[in-house]
Amino acid sequence: EIHPGATIGRRFVIDHGVGVVIGETAIIGNDVLMYHGVTLGGVVNAPVKRHPTIGNFVILGANSIILGDIKIGDHCKIGAGAIVVKDLPAGKIALAPIATVR
C-alpha cells in the first residue's frame, strides 16, 4: 500500500512488493531499493509530518520497520527485520537481533 501523498524519488525499486506500506508523509530519495514487507509508518495520527524521510542510495531489507518522523541518511542499509525509530546518519547500517539457536 503506497499512500498517494507520499513523495518518491527517481529509480525507486520495490523488489517483491508484497506487504509494503508507505505512509502519507513519507519521503523517499533517489535510487532506493525496498524489499518485501517494509513499513514506513507513523507513530501519531495528526496532520503533521509523521512518516520517515529516506535518503538517496538506501537499501531497506525485508520486513524492516521504520517509524515516525525520522531521517535515514544517504547510503544507509537497514537489515531484514530491523525496527528503526531514531535518525540514522549517512552511511550507517541498522541490523535486527540475530536469531538464537538452542
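I'd like to know which of 75, 21, 96 lies farthest towards the positive end of the charge dipole of the chain, counting +1 on Cβ of Lys and Arg and -1 on Cβ of Asp and Glu.
Positive-end residue among those listed: 96.
Under 13 Å from the Cβ of residue 69, count the other residues' Cβ atoms, weight Lys and Arg +1, Asp and Glu -1, and hand me the total.
Spelling it out: positives minus negatives among the neighbours equals +2.
What is the distance in Å between the Cα centres of the stretch 67-102 and the stretch 7-44?
Spelled out, the Cα-based centre of one part sits 14 Å from the other.
Order by neighbour count: 50, 10, fewest other Cβ atoms within 10 Å first, most last.
Neighbour counts put them in this order, fewest first: 10, 50.
How many nm separate the modelled label positions at residue 36 and residue 75, each set 7 Å beyond the Cα in the direction of the Cβ?
That separation, rounded to one decimal, is 3.1 nm.
What nm distance separates the two modelled labels at residue 85 and residue 101, each placed 7 Å from Cα along Cα→Cβ?
3.1
Put a dot 7 Å past each Cα toward the Cβ at residue 15 and residue 43; how far apart are the dots in nm?
Each label point lies 7 Å from its Cα, and together they span 2.9 nm.
Using the 10 angstrom Cβ neighbour count as an exposure proxy, how do 16, 51 rank, fewest first?
16, 51
Taken together, the values in this text are just the output of simple stated rules run on the coordinates, not laboratory data. Only a predicted model underlies this, so the values are computations on that prediction, with no experimental measurement involved. Glycine also receives a Cβ, built like all others from the backbone with ideal geometry; neighbour counts cover every protein chain displayed.
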